[in-house]
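Written out below as structure tokens is the structure these notes cover.
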């Protein structure tokens, strides 16, 4: 082959920028890919601007997931038209594997490579944005609006509301990221087919261990010592009389220089395992812990000592703090909180008992339930306090708004979530909590049980004391 033939074969013809463009536009597959890529880039720019100003989750899905998919398809079709042979033309990559007869013969290879890098770069940028969007709170909480609305609502009012969902539900590392995304595909399919459970069952049995998530921020070896907790409540009498309980919680932890912790957080300094006989982990039939000498201590029911240990779960933070973020209240606790916050005027007669009854009404939708709350309160005081109703109206309106906010935060009929649906293992009221193990009928081989004595975890300075309690006066005593 002479130099002129090489120029025709590799240079000004198929190898030039004009030749490459002609190759793309002369093929249907290339023409389709070319216009699809241009349209995707234009749509991405427009959608990105719209999402920036609206933060609409549906726009986000289109921007970071749908459009990048179209661009990737368009780039693939375009590159296929460039690299595949065309009517016997040997100026493709396969045809130029040998030593080119002239420097100009490399021009088509460089040009096609440049177009490939540009296409891959654009697609990578969009996919990268889509990766971060799929990890966002908006994607997790709003996209599957009906399914995740209870959890998302509780999350917004929690102590962890500044953290993205993935910090706790996925954590760091590629392996758990892949597992979470594969699990997410199943959840998306269940959402589309409407086959998801209502309510969402807890606990999440494939949740990443707290040692790899919670303990990234919270130090298990930290010593907390004693913590004073004041629990304020109100009675169901006409005056909504206040009552107070004051506890010294022996949070404890691990003291400097000691191998074993103490008090409540003793559990996080030892290897404690247990066997639960139900999905909600409320019925515990065996507990085993390993001491500093490596000796195992096993506690089980009398009729279970000869049975196999079976599958055990290693205890971690989530076994007690099972609602660290998605916390749902009981109706009476919600009303007590509203009164303590001043959102309900305590001078309204019987407002505590009326508020609880209003909140606990059954409804088929949240909108219907909110309407029933307002109607119940209004009708009660119109019937029982007709002479005072007008004077009470401003305070009642404020109280109703507070009650409706509590209802909207805790009751979701569409997901079968109502007061008490989700168990909270902190403490031991109204669910067993600590008493799943402590004070139960589990015993070791010597007949010793797991202590259920109150002073093991807390000291009671005052219990349901009536009236306005002088907290600081308790310490003077």
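When you count, for each residue, the other Cβ atoms within 10 Å and take the mean per peptide, how do 175-184, 390-399, 279-288 rank with the highest first?
With the highest mean Cβ count within 10 Å placed first, the list reads 279-288, 390-399, 175-184.
Please state the Cα pair-distance histogram of region 331-415 with 5 angstrom bins from zero: what percent is in each bin?
All Cα pairs considered, the percentages come to 3, 16, 30, 25, 16, 8, 2, 1, 0.
Quote the relative contact order of region 268-371 in percent (integer), defining contacts as alpha-carbon pairs under 8 Å separated by 6+ residues.
Over region 268-371, the number comes to 18 percent.
Can you give the relative contact order of region 163-257 as a percent, counting alpha carbon pairs under 8 Å and 6+ residues apart?
Averaging sequence separation for qualifying contacts and normalising by length gives 24 percent for region 163-257.
Could you work out how much longer the chain between residue 56 and residue 345 gets when fully extended? Use 0.36 nm per residue separation minus the Cα distance between them, nm to one decimal.
So the chain would gain 100.3 nm between residue 56 and residue 345.
Quick one: compute a quarter of the convex hull surface over the Cα atoms of region 156-312 and quote it in nm².
Reported value for the Cα convex hull: 16.0 nm².
List the residues of region 258-289 whose backbone N lies under 20 Å from a point placed 7 Å from the Cα of residue 223 along the Cα-to-Cβ direction.
Hits in region 258-289 for residue 223 at 20 Å: 258-271.
Would you calculate the separation in nanometres between label points at residue 291 and residue 49, each defined as 7 Å from the Cα along the Cα-to-beta-carbon direction?
Each label point is offset 7 Å from its Cα along the Cβ direction, giving 7.3 nm.
Taking the Cα atoms of region 31-83, what is the range of coordinates along each of the three principal axes, in descending order and whole Å?
40, 15, 12
Which number do you get for Rg(Cα) / (2.2 N^0.38 Å) in region 113-165?
Ratio of Rg to 2.2 N^0.38 Å for region 113-165: 1.66.
Length gain on complete extension for the stretch residue 446 to residue 172, per 0.36 nm per residue less the alpha carbon to alpha carbon distance?
Full-extension gain reported as 94.2 nm.
Give me the number: length gained by fully extending residue 414 to residue 314, i.e. 0.36 nm times residue separation minus the C-alpha to C-alpha distance, one decimal in nm.
Length gained between residue 414 and residue 314: 32.5 nm.
If you average 1/r over all unlike Cα pairs in region 138-200 and invert the result, what Kirkwood radius do you get in angstrom?
When all Cα pairs of region 138-200 are included, the Kirkwood radius is 12.7 Å.
With labels modelled as points extended 7 Å from the Cα through the Cβ direction, what inter-label distance (nm, one decimal) is found for residue 182 paired with residue 302?
4.7
Every number here is computed from the coordinates shown, using simple stated rules; none is lab data. None of the values given here were measured: they were computed from a predicted structure. Glycine also receives a Cβ, built like all others from the backbone with ideal geometry; neighbour counts cover every protein chain displayed.
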